[in-house]
Structures are given as C-alpha cells and as structure tokens.
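The values are calculated or read from the model by the stated rules, or taken from the named source; none is laboratory data. These numbers were taken from a predicted model, which means no experiment stands behind them. Here the Cβ positions follow ideal geometry from the backbone for every residue, glycine too, while neighbour counts run over all protein chains shown. For the accessible areas, the whole protein counts, side chains as well, though only heavy atoms, and no ligand, DNA or RNA atoms are used. Shrake-Rupley method; radii C 1.70, N 1.55, O 1.52, S 1.80 Å.
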Amino acid sequence: MQNNKTREMTKMALMVALNCISAYIIIPLPFSLSPIALQTLVVNLTGYVLNVKQAAMTMAAYLLVGLAGVPVFTGGSSGPGKLFGPTGGYLFGFALWAILLAYLRSKEYNFVRYALLGCIIGVPFIYVFGVVQLQLVTHMGWGKAVMTGALPFIPLDIVKCCAAAYVAGPINRIFGEA
C-alpha cells in the first residue's frame, strides 16, 4: 500500500515539475501574445499517465504555485496578472484538459487512441479557453484572436500531442501501469 502511495506521489511531483520546466521552453512569436511552448506535450502527458484525481491535484498545484508568485508560467512569469491576463485562458485550458484526458483515456495504453484524443479533442479544447480569454481581455476581434492565438500553433501542437502519446506507453510501463 505504501509503495503505491509513493509511486502516485512520485508521478504527480514529476508532472508538476515537468509542467514548470516546460513553461520555460518557449519560442516567442512577434505577431502573438502567446509563445510556442512545450507545455502542450506535458499537459497531455499528465492526462495520459495520471488518473483523474491525480491530474486534478497536479494541475491545481501547478496553477496555485504560479498564482502565488513562483515563476512557473510561460517564460518565467507568474501571479494573478498572468493567470487572468490575455494568455491565462491557455493555463485554464491546460488544467481542465489534463483532467478530462485522464477521464477519457482507456486503462490500456493505445497510441492511436491517445494521439487522437490529444489532437482532435485536446488541441481545440485548450484553444477555446485560450482564445476566449485572449479576446475578452484584449478586446481584439474574434478573427484576430483565432489568427494570433490558435492557428499558428496547431501543427506543432499536433506533433506534441503525438509525442506525448508515444512516451506515455514507456512511462506507464515504468510505473507499472500498463
């Protein structure tokens, strides 16, 4: 029993740490308030390797650490200004998607299922939250919000979803889940 708790806590701590680190791996885009970030990969991986409760606690911990002022959001930012600012919707989308993905994925690892969930449901799900908050905070037109806050990121986010689906299998095997 203690071994299982240790395994669960280790996985959760690893996913919080990876979320924090992935926010620093960015490529700023001159035409967008949002940079290209590695977070989409880690958020999907969180949903692939944790159960619903663990994913919820992991993403809540990540958001609370950033909200408290620890620089764990994209590019080393933090605080309520980031969470509730133009690009904070992506953070909410990330958290909710990781939880929903943990619910939707099957117990048995299946690369195709995982990749399809991430690409077909996850990417649009995250963008809805991101683009809506971007538009509401900046008051830019919906077309511009979609053009600067979603469309440029889709191809690479699909690659990141597939990469997360691929590495989820070995990680689950390491932790004895698959």
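Exactly one of these conditions fails for Asn19: (1) in a loop (DSSP other than H, G, I, E, B); (2) of a type outside the set (Phe, Trp, Tyr); (3) out of contact with any Pro (no Cβ under 8 Å at 6 or more places or on another chain); (4) within 24 Å of Cys162 (Cα to Cα). Give me its number. With respect to (1) in a loop (DSSP other than H, G, I, E, B); (2) of a type outside the set (Phe, Trp, Tyr); (3) out of contact with any Pro (no Cβ under 8 Å at 6 or more places or on another chain); (4) within 24 Å of Cys162 (Cα to Cα), Asn19 is out only on (1). Of the residues making up region 1-16, those that are of a type outside the set (Ser, Thr, Tyr) and either open to solvent by 40 Å² or more (accessible area, probe 1.4 Å) or not in a helix (DSSP H, G or I) (or both) are Met1, Gln2, Asn3, Asn4, Lys5, Arg7, Glu8, Met9, Ala13, Leu14. Screening Ala164, Ala145 for residues that are farther than 19 Å from Pro30 by Cα, modelled with pLDDT of 95 or more and open to solvent by less than 20 Å² (accessible area, probe 1.4 Å) leaves exactly one candidate, Ala164.
Looking at Pro152, is it closer than 21 Å to Ser106 by Cβ and open to solvent by 40 Å² or more (accessible area, probe 1.4 Å)? No: the conditions fail for Pro152.
Identify all residues within region 129-150 that are under 22 Å from Val42 (Cβ atoms) and either assigned to a helix (DSSP H, G or I) or over 20 Å from the mean Cα position of the chain (by Cα) (or both); write none if there are none. Phe129, Gly130, Val131, Gln133, Leu134, Gly149, listed by residue number. Applying the condition of being touching a strand residue (DSSP E or B) at 6+ places or on another chain (Cβ under 8 Å) and open to solvent by less than 10 Å² (accessible area, probe 1.4 Å) to region 22-58 and asking which residue is farthest from Ala163 (Cα to Cα) yields Ala23. Pairs meeting the criteria (first residue in region 10-22 and under 10 Å from Val43 (Cα atoms), second residue outside any helix (DSSP H, G or I), beta carbons under 6 Å, at least 6 apart or on different chains) are Ser22/Leu38. Condition check: surrounded by fewer than 23 Cβ atoms within 10 Å (Cβ to Cβ) and on the phi > 0 side of the Ramachandran plot. Does Gly69 satisfy that? For Gly69, the condition - surrounded by fewer than 23 Cβ atoms within 10 Å (Cβ to Cβ) and on the phi > 0 side of the Ramachandran plot - is met.
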